[in-house]
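Below is one structure, written out as structure tokens; the observations come after it.
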Amino acid sequence: MDSVLELLALSSNAELLAVALAIAYVILAIRQSLWCWPAAAISASIYTVLFFTGRLYMESVLQVFYVLMAGYGYWNWRYRAAVRVGEPRAGEEGKTPAVSDILQLQWQWHAKWFVILSVLSLLIGTLLVRFTDADMAYLDTFTTVFSFFATFLVARKVLENWLYWIVIDVVYVGLFWAKGFHATALLFAIYTIMAAIGYWRWRQSMQEAPQPQARYN
């Protein structure tokens with residue numbers, strides 16, 4: 001515990017605030033609370049500056065994306081929840097069972113996008129190595145590209161987003177520790193555990209009520 005506190009003491013107040021809000025975001029996301037999105041937007045805004053200063057340019061771009069996705073996620077969660085499939089419409093008699101708005105996609109869909117995003121990551125990483133002074137360019141790019149994707153899945157309430165985050169968060173622990181963002185590295189270690197809890201909680205929610213079929217191209 002003492003060593004953890006010492007590492008936190010080395011972190012800036014801005015980083016500690018971003019960490020606290022980021023933890024709040026995941027807790028609220030697990031609970032499917034709309035308040036997760038404002039917490040995400042503020043945390044990402046702080047991290048945008050921190051990562052740009054640390055020459056993690058792709059991570060900085062990712063944080064800008066998080067701010068934008070926070071707005072989209074808030075809108076999508078609010079209005080998807082307002083009219084759920086299976087609820088009786090105005091003027092209709094009787095009641096129908098509540099339907100979960102959490103989606104589950106087929107593995108073929110995920111496999112297709114894994115290949116596409118891997119190739120894209122290699123191309124962007126190569127450009128960063130050649131034309132910028134980016135540090136850990138390939139690792140930074142892979143985590144960033146797949147974080148874009150996983151964040152979109154969160155906003156669309158796709159169950160498998162949590163599985164992506166488990167892998168991404170483990171990689172981030174090493175990346176941020178190596179870059180000296182110790183509080184953030186600890187955050188992503190916590191994230192890994194929370195992502196596993198999130199998957200379990202969302203899966204439970206799906207099992208309690210039927211869910212609509214989703215077909216993404």
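The values are calculated or read from the model by the stated rules, or taken from the named source; none is laboratory data. No experiment lies behind these values; they were computed from the predicted model shown. Every residue, glycine among them, receives a Cβ derived from its backbone with ideal geometry; neighbour counts consider all protein chains shown. These area figures cover heavy atoms from the full protein model, side chains too; ligands, DNA and RNA do not enter into them. Shrake-Rupley method; radii C 1.70, N 1.55, O 1.52, S 1.80 Å.
Quick notes on this one:
- Across the stretch 137-155, the number of residues qualifying as open to solvent by 70 Å² or more (accessible area, probe 1.4 Å) and closer than 21 Å to F52 by Cα comes to 2.
- Conditions (1) crowded, with 21+ Cβ neighbours inside 10 Å; (2) touching a residue at least 60 places away in the same chain (Cβ under 8 Å); number of the one not met by W162: (2)
- Residue satisfying all of: in the stretch 179-211; open to solvent by 50 Å² or more (accessible area, probe 1.4 Å), assigned to a helix (DSSP H, G or I) and at pLDDT below 85; nearest to V167 (Cα to Cα) among these: Q207
- Hey, R84 modelled with pLDDT under 80 and assigned to a loop (DSSP other than H, G, I, E, B) or not: yes
- V170 meets each of the listed conditions (1) open to solvent by 70 Å² or more (accessible area, probe 1.4 Å); (2) touching a Pro at 6+ places or on another chain (Cβ under 9 Å) apart from (2).
- A20 among the small types (G, A, S), in a helix (DSSP H, G or I) and open to solvent by less than 50 Å² (accessible area, probe 1.4 Å): no
- Pairs, first in contact (Cβ under 8 Å) with a residue 40 or more places away in the chain in the stretch 128-150, second of a type in the set (S, T, Y) and open to solvent by 20 Å² or more (accessible area, probe 1.4 Å), C-beta under 7 Å, six or more apart: T132/Y57; A134/Y57
- From the list L128, L68, L103, the lone residue that is open to solvent by 80 Å² or more (accessible area, probe 1.4 Å) and either touching a Pro at 6+ places or on another chain (Cβ under 6 Å) or modelled with pLDDT of 85 or more (or both) is L68.
- The set of residues in the stretch 31-56 that are open to solvent by 20 Å² or more (accessible area, probe 1.4 Å) and part of a helix (DSSP H, G or I) comprises P38, A41, I42, S45, I46, T48, V49, L50, F52, T53.
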